[in-house]
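Notes follow once the structure below has been shown.
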């Protein structure tokens with residue numbers, strides 16, 4: 001049998017209990033055909049980057065599967081038919097990952113400082129060169145001067 005990582009997105013208007021029932025339903029399909037699900041992770045209701053069938057959020061779930069290919073194909077076929085499933089993706093892997101997935105590791109996401117702001121050196125206003133007085137600058141041309149310059153009427 002082969003190893004697979006399977007992620008699916010369920011509609012936002014179902015409850016988290018119904019999302020768990022979907023996982024149990026598809027797990028049963030795999031087990032009927034000789035496969036087994038090693039790990040199930042529910043990532044919860046998350047915002048999507050773009051709308052999918054008028055949904056801005058979705059329930060995410062990950063399943064680590066050890067099953068024959070025909071069992072996975074049958075599960076995917078039933079996911080295409082099911083109205084609560086927005087998207088799914090199955091990837092064949094060489095070995096199943098032990099421990100929590102990258103989405104469940106909290107230390108990677110929230111504890112570190114934001115790299116786009118905190119890593120930059122702090123620069124105060126005193127470090128800038130002086131701008132000079134406004135009197136030192138050349139005068140701005142009025143709109144009339146600009147329109148004359150374009151038409152060549154001057």
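The values are calculated or read from the model by the stated rules, or taken from the named source; none is laboratory data. All values reported here derive from a predicted model rather than from experimental measurement. Cβ coordinates were reconstructed from backbone atoms using ideal geometry, including for glycine residues, and neighbour counts include every protein chain displayed.
Key figures for this structure:
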read-out	value
Residue among 21, 5 that alone is in contact with a strand residue (DSSP E or B) (Cβ under 6 Å, 6 or more places away or on another chain) and modelled with pLDDT of 90 or more	5
Residues of the stretch 1-22 satisfying the condition of being in a helix (DSSP H, G or I) and closer than 18 Å to residue 57 by Cα	16, 17, 18, 19, 20, 22
Within the stretch 49-58, considering residues that are in contact (Cβ under 8 Å) with a residue 12 or more places away in the chain and assigned to a strand (DSSP E or B), the one nearest to residue 14 (Cα to Cα)	58
Residue tally, condition surrounded by fewer than 12 Cβ atoms within 10 Å (Cβ to Cβ) and either at pLDDT below 90 or closer than 22 Å to residue 101 by Cβ (or both), over the stretch 43-52	2
Residues satisfying the stated conditions in the stretch 59-101, i.e. within 17 Å of residue 38 (Cβ to Cβ) and either part of a strand (DSSP E or B) or at pLDDT 95 or above (or both)	61, 62, 63, 64, 65, 66, 67, 90, 91, 92, 93
Residue ID - farthest from residue 96 (Cα to Cα), chosen from residues in the stretch 18-42 that are crowded, with 16+ Cβ neighbours inside 10 Å and touching a residue at least 60 places away in the same chain (Cβ under 8 Å)	22
Qualifying residue in the stretch 80-91 (condition: surrounded by 13 or more Cβ atoms within 10 Å (Cβ to Cβ) and over 24 Å from residue 15 (Cβ atoms))	yes
